[in-house]
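K.L.:
Below you will find the structure I want to go over with you.
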Amino acid sequence: MPKTRDQKKKIIEDLTDKLKEFKSLVFVDYKGLTVKDASDIKKLCKKQNVDYIVVKKTLIKLALEKAGIKDIDVKQLAGNIALVIGFEDEIAPAKIVGKFAKDHEALKMLGGIMESKFIDLNQVVALSKIPSKIELLAKLVGSINAPVSGFVNVLAGNLRGLVQVLNSIKEQKA
């Protein structure tokens, strides 16, 4: 069922608002995904504050222009386009799509936008392999904690040695 002009305006306005706030975006070709698969990726996206939006290329192009993102020709992208838009973590859209595409061959990454510039498929794939912000923070905390826990173990070892020496002196005198 074709959309009315007012409905299209509303879609463009909503998408433009999202494109003014996003951190990164991945274009995917969803042709061949089942309804269940599409529902599954939407659920995955929602958990990480990422939007999965299916919109016609002409409306995407208009919304990109209104949001001030130039030099991106969506018409060049093949297939039926969906947008996976991240608002908090720059890597989240690429990670979600990368992980989902491994199990669902119908979903294909086409490229993306980061810092208002188009990034090609290879760059999106590279982003999908980078650890998430939470994983990187956990590694940082672990690396900061390692020397401290080592130092505590050394001090504890010295105390154990002192206690053993004192015990042996006590036993010799008894």
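The values are calculated or read from the model by the stated rules, or taken from the named source; none is laboratory data. It should be emphasised that the depicted structure is a prediction, and the values quoted were computed from it without experimental measurement. Neighbour counts run over all protein chains shown; Cβ positions are idealised from the backbone, glycine included.
K.L.:
Kindly evaluate V141 against the criterion of being without any contact (Cβ under 8 Å) to a residue 60 or more places away in the chain, in a helix (DSSP H, G or I) and either within 16 Å of the chain's Cα centre (by Cα) or more than 16 Å from D29 (Cβ to Cβ) (or both). If you could, list the steps in order and put the result at the bottom.
P.N.:
On the way: without any contact (Cβ under 8 Å) to a residue 60 or more places away in the chain: yes; in a helix (DSSP H, G or I): yes; either within 16 Å of the chain's Cα centre (by Cα) or more than 16 Å from D29 (Cβ to Cβ) (or both): yes.
The answer is yes for V141.
K.L.:
Okay, moving on. Does E135 fit the bill of being in a helix (DSSP H, G or I) and under 30 Å from I91 (Cβ atoms)?
P.N.:
Details: in a helix (DSSP H, G or I): yes; under 30 Å from I91 (Cβ atoms): yes.
When the stated conditions are applied, E135 passes them.
K.L.:
Now, a different point. Any idea which of (1) surrounded by 12 or more Cβ atoms within 10 Å (Cβ to Cβ); (2) in the same structural domain as K42 (by TED's automatic domain parsing) is the one A138 doesn't satisfy?
P.N.:
Here A138 meets the rest and fails (2).
K.L.:
In addition: In the range 101-120, how many residues are surrounded by 20 or more Cβ atoms within 10 Å (Cβ to Cβ) and assigned to a helix (DSSP H, G or I)?
P.N.:
Residues meeting the conditions: 0.
K.L.:
Still on this model: Just a yes or no: is a residue in the range 159-173 out of contact with any Pro (no Cβ under 7 Å at 6 or more places or on another chain) and touching a residue at least 40 places away in the same chain (Cβ under 8 Å)? Don't jump to the end; show me each part of the working.
P.N.:
First, pick out the residues of the range 159-173 that are out of contact with any Pro (no Cβ under 7 Å at 6 or more places or on another chain): 159-173.
Next, from what is left, pick out any that are touching a residue at least 40 places away in the same chain (Cβ under 8 Å): none.
Checked the range 159-173: no residue is out of contact with any Pro (no Cβ under 7 Å at 6 or more places or on another chain) and touching a residue at least 40 places away in the same chain (Cβ under 8 Å).
K.L.:
Could you identify the single residue in F87, F27 that is in the same structural domain as L107 (by TED's automatic domain parsing), surrounded by 19 or more Cβ atoms within 10 Å (Cβ to Cβ) and aromatic (F, W, Y)?
P.N.:
Selected residue: F27, the only one of F87, F27 that is in the same structural domain as L107 (by TED's automatic domain parsing), surrounded by 19 or more Cβ atoms within 10 Å (Cβ to Cβ) and aromatic (F, W, Y).
K.L.:
Those residues that are surrounded by 12 or more Cβ atoms within 10 Å (Cβ to Cβ) and either at pLDDT below 80 or basic (K, R) (or both), I need them from the range 121-134; list them, please. Spell out the reasoning first.
P.N.:
Step one: filter the range 121-134 for residues surrounded by 12 or more Cβ atoms within 10 Å (Cβ to Cβ), giving 121, 123-128, 130-133.
Those that are surrounded by 12 or more Cβ atoms within 10 Å (Cβ to Cβ) and either at pLDDT below 80 or basic (K, R) (or both): P131, S132, K133.
K.L.:
Something else: Look at E21 and say whether it is charged (D, E, K, R) and more than 16 Å from P93 (Cα to Cα).
P.N.:
Details: charged (D, E, K, R): yes; more than 16 Å from P93 (Cα to Cα): no.
Criteria not met by E21.
K.L.:
So which residues in the range 30-49 are of a type in the set (V, I, T) and surrounded by fewer than 16 Cβ atoms within 10 Å (Cβ to Cβ), if there are any at all?
P.N.:
Of the range 30-49, the ones of a type in the set (V, I, T) are 34-35, 41.
Across the range 30-49, the qualifying residues are T34, V35.
Condition check ((1) in contact (Cβ under 8 Å) with a residue 40 or more places away in the chain; (2) within 22 Å of P131 (Cα to Cα)) across all residues:
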residue	(1), (2)
K23	yes, yes
F27	yes, yes
V54	no, no
L64	yes, no
L77	yes, no
F87	yes, yes
E90	yes, yes
G112	yes, yes
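K.L.:
Search the range 58-73 for residues being under 14 Å from I11 (Cβ atoms) and β-branched (V, I, T), and hand back the single one that is surrounded by the fewest Cβ atoms within 10 Å (Cβ to Cβ).
P.N.:
Per the stated criteria, the residue is T58.
K.L.:
Something else: Among the numbered conditions (1) modelled with pLDDT of 85 or more; (2) under 22 Å from N49 (Cβ atoms), tell me where K108 comes up short.
P.N.:
Only one criterion in (1) modelled with pLDDT of 85 or more; (2) under 22 Å from N49 (Cβ atoms) is unmet by K108, namely (2).
K.L.:
Please verify whether the range 64-76 includes one or more residues that are in contact with a Pro (Cβ under 7 Å, 6 or more places away or on another chain) and not hydroxyl-bearing (S, T, Y).
P.N.:
Residues of the range 64-76 that are in contact with a Pro (Cβ under 7 Å, 6 or more places away or on another chain), as a first pass: none.
The answer is no; no qualifying residue exists.
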